[in-house]
Amino acid sequence: MTMSRRAMRLGLLAAALSTVAVADDAPSPYPWPNGARAAVSLAYDDALPTHLDTAIPALDRHGLRGSFYLVLSADTVRTRLADWRAAARTGHELGNHSLFHACSARGADRSWVAPAQDLDAMTAARVQAEVTLANTMLHAIDGSTEFTLTVPCGDRNAGDGDYVAGLAPHMLGIKLGAGAVVPDMRTLDRYAVPVAVPVGSTGADLIALVEAAGRQGTMVNFTFHGIGGDHLAVPGEAHEALLAYLAAHRDIYWTATFREQMRWVRDVERAAAP
Ligand SMILES: [Zn+2]
């Protein structure tokens, strides 16, 4: 990041903090940029073709930015790297979703996990090495130097224990665990930000979650997979309705990349530290 961008960001943060009313008897609202009531993170996992063909063009049409969590071994990273680089150039985030998407193979819904990608058969050190190498590859793809992670399948335990905690020094933020709307920004753990995984939702379902975040004054995290196709899909019309709503209410909802949002949250943490 250049000094001027950093200075601008700190200036915006100072302005946001100064506009927050201080009352002894009520918690002050969280100081999102430009007086926004809540933040919205639109994230897309697994580097699917419909991200490049449907989601990114829709986001661009509405002037919104999303976070695309690449599995670096996914087909599109090999066959459509120029398209991913173009998305990064227009301001979308290419996030870390590991090299091989290691998940536990245990459980009825995990028959798709190949033995070579079975998290239970790996050590935590091995998975950490995989994820930090994915940061290096993302840097090689788009030049980024700060990273966020979505933990594959939300599974944090390798065969010999937790692998996620040790990754905190390498990440600005980590999406992990279930829960669409953050209950309280001031107690949020940036390394375990809960997400909703919509499947087959309507536009009204998605917009209702955004409005709930507005009432809470916090943030809502959507982790999409396919958009109008591919696996765990949300219909293209539902996604479009959500984007149209967010574009029409930019003054209320700060839709930005998770990387930008976690930089902001980190800076608020630092400003509040004694
Ligand atoms: Zn995934």
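Only the coordinates and a few stated rules stand behind these numbers; no lab work does. Nothing here was measured: the structure is a model prediction, and the numbers come from that model. Note that we place each Cβ from the backbone using ideal geometry, even for glycine, and neighbour counts take in every protein chain shown.
Things to note:
- Net charge of Cβ neighbours under 12 Å - reference H62; Lys, Arg +1; Asp, Glu -1: +1
- Cβ crowding within 10 Å, taken as a proxy for footprinting-reagent exposure, orders L99, L167, L133 from fewest neighbours to most as L133, L99, L167.
- Prolate/oblate/rounded call for region 179-251, Cα gyration tensor, a/c under 1.5 rounded: oblate
- Taking region 190-274 and dividing mean pair separation by its residue count, relative contact order in percent (alpha carbons under 8 Å, at least six apart): 29 percent
- Residue-count net charge about G107 - beta-carbon cut-off 13 Å; Lys, Arg +1, Asp, Glu -1: -2
- Efficiency of FRET from Cβ geometry, D60 and D189, R₀ 51 Å, rounded to 0.05: 0.95
- Square roots of five times the Cα gyration tensor eigenvalues for the chain, Å: 29, 22, 19
- Listed peptides 81-89, 146-154 appear in the order 146-154, 81-89 once ranked by packing, highest mean of other Cβ atoms within 10 Å at the front.
- Residues S28, S104, S41 arranged by fewest to most Cβ contacts within 10 Å: S28, S104, S41
- Amide hydrogen neighbours beyond the local backbone of S104, cut-off 5 Å, H modeled: L119
- Close amide-amide hydrogen proximity is noted between M122 and G159, each under 5 Å apart and 5 or more residues distant or on a separate chain (H modeled in the peptide plane; Pro and chain starts excluded).
- Computing FRET efficiency as 1/(1 + (r/R0)^6) for A121 and A178, where r is the C-beta to C-beta distance and R0 is 30 Å, gives about 0.75.
- Karplus-based coupling profile of region 109-124, in residue order and whole Hz: 8, 10, 5, 7, 6, 6, x, 5, 10, 7, 4, 5, 9, 10, 8, 4, with θ = phi - 60° in 6.51 cos²θ - 1.76 cosθ + 1.60 and x standing for Gly or Pro.
- Relative contact order of the chain, pairs being alpha-carbon contacts under 8 Å that are 6 or more residues apart, as %: 25 percent
- Ascending count of other beta-carbon atoms within 10 Å, so fewest first, for V164, V199, V127: V199, V164, V127
- Label separation (L232 vs A165): 2.5 nm, computed from points 7 Å beyond Cα along the C-beta direction.
- 3J(HN,Hα) couplings calculated from phi for region 249-266 with the Karplus curve 6.51 cos²θ - 1.76 cosθ + 1.60 (θ = phi - 60°) are, in sequence order, 10, 4, 6, 9, 10, 8, 8, 8, 5, 4, 4, 4, 5, 6, 4, 4, 4, 4 Hz; Gly and Pro show x.
- Seen from F222, the other residues with C-beta closer than 15 Å to its C-beta sum to a net charge of -4, counting Lys and Arg as +1 and Asp and Glu as -1.
- For A38, residues with placed amide H under 5 Å, excluding near neighbours: W254
- For region 148-205, fraction of C-alpha pairs farther apart than 20 Å, in %: 34 percent
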